[in-house]
Amino acid sequence: MAALRRFPSSLLSFFLGVSVSAYGSYYYLFDHHEKSTNALLLSVENLQTNTDKIKSSLLKIDTLEKKLVELSKVTAAKNDVESLRNELLNVVDNVRTEHLKLKVQVEELPLPSRE
């Protein structure tokens, strides 16, 4: 009979131990789940921030590429500049030659006589 009297208290103690253990496990799992969720949300926010930075950089790159194309249409190539330089040098040589010819012609002119 004494064993029967102990049986309900042992059963009650068992259920109390299981309940406390289950509550502790539930609290641990809930806390772990909350921390994991917060870490995941933080990662998603960081990913969104980095994605926005990449989008901004891509827009800047696109803008710079468009400006580069516009500038390349307007600017002269090295061959064009070299050609214009050579042409200018030829013109300067021709002007110098004409100047020397005129100088010679002026020196050959007779001086006016003083009467």
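Overview of results
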item	result
Cα-projected label distance for Ser9 with Arg114, points at 7 Å along beta-carbon direction, nm	15.6 nm
Using alpha-carbon coordinates, inclination of helix 2-74 to the longest axis of the chain, degrees	10 degrees
Karplus-derived HN-Hα couplings along the stretch 80-93 (A = 6.51, B = -1.76, C = 1.60, θ = phi - 60°), whole Hz, x at Gly and Pro	5, 5, 4, 5, 5, 5, 4, 5, 5, 4, 5, 5, 4, 4
Accessible area per residue, Å², the chain with all protein chains present, probe 1.4 Å	100 Å²
Rounded accessible area of Ile61 (nearest 10 Å², 1.4 Å probe)	80 Å²
Whole-percent carbon and sulfur share, accessible surface of the stretch 49-90, 1.4 Å	61 percent
Within the chain, helix-based [θ] at 222 nm, where runs of 4 or more DSSP H residues each add -39,500 (n - 2.57), nearest 500	-34000 deg cm²/dmol
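The values are calculated or read from the model by the stated rules, or taken from the named source; none is laboratory data. The structure displayed is predicted, hence computed values, not measured ones. Methodologically, a virtual Cβ is constructed for each residue, glycine included, from the backbone with ideal geometry; neighbour enumeration extends over all protein chains shown. Heads up: the accessible areas ignore ligands, DNA and RNA and are worked out on the full protein's heavy atoms, side chains in. Shrake-Rupley method; radii C 1.70, N 1.55, O 1.52, S 1.80 Å.
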